[in-house]
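This report refers to the structure that appears directly beneath it.
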Amino acid sequence: MRNSLWVQCLFATVLTVAFSLSLTLARVDASPATKSLQEFYLDATLGNTKASAQVLVTLENLLIQYPNDPLLTAYYGSTLSMKARDAWLPWNRQKFVAAGVSSLNKSLALLTDEAFETPYYGLNEGIYIQSLAAISFMHMPTHLNQRQRGLEILSAMMNSDSFHYYPFGPRAWIHIGAVKGALEMGEIQFANRWANEMKMLAPTHPLTREALTLVKEAKI
């Protein structure tokens with residue numbers, strides 16, 4: 001099925017992180033008369049294939065100049081997954097998803113200590129890259145054998161002191177992404193734990209309410 005559950009969950013999750021698209025990417029489209037690349041990315045997560053193509057082309061051009069930029073590489077992997085979502089033929093979907101996994105793996109391999117010291121939208125680049133990759137892995141088709149790895153990466157990061165150093169607001173999208181990913185994997189215990197952690201940290205936050213609702217519905 002073209003719009004399979006894992007694809008829908010993946011891009012619902014990616015939508016929550018789209019606001020954080022690199023400032024480097026935003027500068028690519030500087031004309032006030034047109035949309036920024038970030039806006040195109042947001043449109044792409046909602047199923048706009050033209051926007052997805054726009055983002056993909058821009059990322060490909062940027063990666064020619066900065067082939068070893070881990071943040072660009074991570075977003076490229078996400079965008080390739082969007083291309084898989086939009087592909088009509090199953091073998092094309094498989095090809096693009098596999099390429100997306102490869103790019104996300106590369107972004108993780110490119111991580112350095114510097115990335116975890118570089119501020120980025122209230123957190124740091126390292127956390128963003130790890131989170132984007134891990135949450136994406138948790139929604140991948142089972143046969144790619146990435147789901148458990150994604151869960152392990154995310155669990156380790158969320159249990160770290162460095163993660164809890166940051167306030168809830170900037171990392172709320174990671175919490176809700178973790179809950180959704182755990183539910184997609186059938187890991188109700190993890191989803192419940194993370195939703196309750198959100199409740200403890202920020203009980204009235206919209207993403208906390210969403211997480212608690214999702215967990216409650218999963219238990220019914």
Taking the Cα centroid of region 73-146 and of region 185-220, what is the distance between the two, rounded to the nearest whole Å? 24
Pairs beyond 32 Å (Cα-Cα), from Lys95/Lys216; Lys95/Lys219; Lys106/Lys199; Lys83/Lys180: Lys95/Lys216; Lys95/Lys219; Lys106/Lys199
What FRET efficiency do you get for Thr112 and Leu89 if R0 is 30 Å and r is their Cβ-Cβ distance, rounded to the nearest 0.05? 0.20
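Taken together, the values in this text are just the output of simple stated rules run on the coordinates, not laboratory data. All figures in this text were calculated on a predicted structure; none of them were measured in a lab. Heads up, the Cβs are rebuilt from the backbone with ideal geometry, glycines too, and the neighbour counts pull from every protein chain shown.
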